[in-house]
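The values are calculated or read from the model by the stated rules, or taken from the named source; none is laboratory data. Predicted, not measured: the structure shown is a model, and the values here were computed from it. In this analysis, Cβ positions are derived from the backbone assuming ideal geometry, glycine residues included, and neighbour counts consider all displayed protein chains. Side chains are part of the model used for accessible areas, which takes the heavy atoms of the whole protein and leaves out ligands, DNA and RNA. Shrake-Rupley method; radii C 1.70, N 1.55, O 1.52, S 1.80 Å.
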Amino acid sequence: MRMRYALAAAVITGTLAVVAAAPAQAAEYSSALKIKGIQYDAPGRDSNSCRTGNTRDEYLTIKNYSRSTTVNLKGYVVKDATGNKFTFTANHYLEPGDYVKLRGGRGTDSDANNVVYRQNCNFMWNNDKDTIYFYKPSGARADVHSYTKSRDDRDGNGYINYHG
């Protein structure tokens with residue numbers, strides 16, 4: 001009889017552990033838009049000169065993972081761990097499965113070319129490690145990713161792909 005109670009208690013405890021673990025695993029943010037990848041170390045010698053620099057080659061890819069919803073990026077915010085910030089101020093619509101590259105430097109935003117420029121020639125991402133925060137216009141967190149060059153970029157090309 002004691003064995004039956006012990007077994008029942010073990011089953012109940014195991015079930016409670018699974019139920020209690022479910023919210024922790026559900027920490028993925030409820031957003032159609034997610035950070036797909038980042039080119040955090042622009043190829044070549046780093047130079048943030050607007051005329052001759054390579055900040056345009058540093059970019060963050062944001063993808064719409066929804067199967068049916070188009071999302072307007074206007075009002076979304078991207079930040080790094082030290083508070084560098086970019087806000088999408090213009091309408092930029094991402095169809096389901098579509099993506100946009102948020103590039104450094106100056107340029108012309110283009111829906112057709114899936115690109116938005118920060119209009120700032122200073123680098124935003126650290127070459128060794130950083131944390132990227134992505135916020136909805138409401139202020140709710142849409143996604144977050146941290147990286148370190150040694151752990152996440154084993155081939156050393158300065159690019160990390162987060163989602164397929």
Exception for Met124 within (1) in contact with a Leu (Cβ under 9 Å, 6 or more places away or on another chain); (2) exposed (fewer than 14 other Cβ atoms within 10 Å of the Cβ); (3) not aromatic (Phe, Trp, Tyr) falls at (2)
Determine if segment 98-107 includes at least one residue that is in a loop (DSSP other than H, G, I, E, B), within 24 Å of Gly44 (Cα to Cα) and open to solvent by 20 Å² or more (accessible area, probe 1.4 Å).
-> yes
Kindly indicate whether Arg67 is charged (D, E, K, R), farther than 16 Å from Asn114 by Cβ and either touching a Lys or Arg at 6+ places or on another chain (Cβ under 9 Å) or loosely packed, with under 15 Cβ neighbours inside 10 Å (or both).
-> yes
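Here is a yes/no grid of residues against (1) open to solvent by 40 Å² or more (accessible area, probe 1.4 Å); (2) more than 20 Å from Gly158 (Cα to Cα); (3) of a type in the set (Lys, Arg):
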{"residue": "Pro43", "(1), (2), (3)": "yes, no, no"}
{"residue": "Cys50", "(1), (2), (3)": "yes, yes, no"}
{"residue": "Asn54", "(1), (2), (3)": "no, no, no"}
{"residue": "Glu58", "(1), (2), (3)": "no, no, no"}
{"residue": "Ile62", "(1), (2), (3)": "no, no, no"}
{"residue": "Val71", "(1), (2), (3)": "no, yes, no"}
{"residue": "Tyr76", "(1), (2), (3)": "no, yes, no"}
Could you give every pair whose Cβ atoms fall below 7 Å, whose first residue belongs to segment 75-97 and is under 17 Å from Gly37 (Cβ atoms), and whose second residue is polar (S, T, N, Q) and open to solvent by less than 20 Å² (accessible area, probe 1.4 Å), counting only separations of at least 6 or pairs across chains?
-> Leu94/Asn64; Gly97/Asn64
Here are Gly156, Gly139: which of them is open to solvent by 40 Å² or more (accessible area, probe 1.4 Å) and more than 21 Å from Arg56 (Cα to Cα)?
-> Gly139
Matching entry among Lys79, Lys149 (being among the charged types (D, E, K, R) and modelled with pLDDT under 95) = Lys149
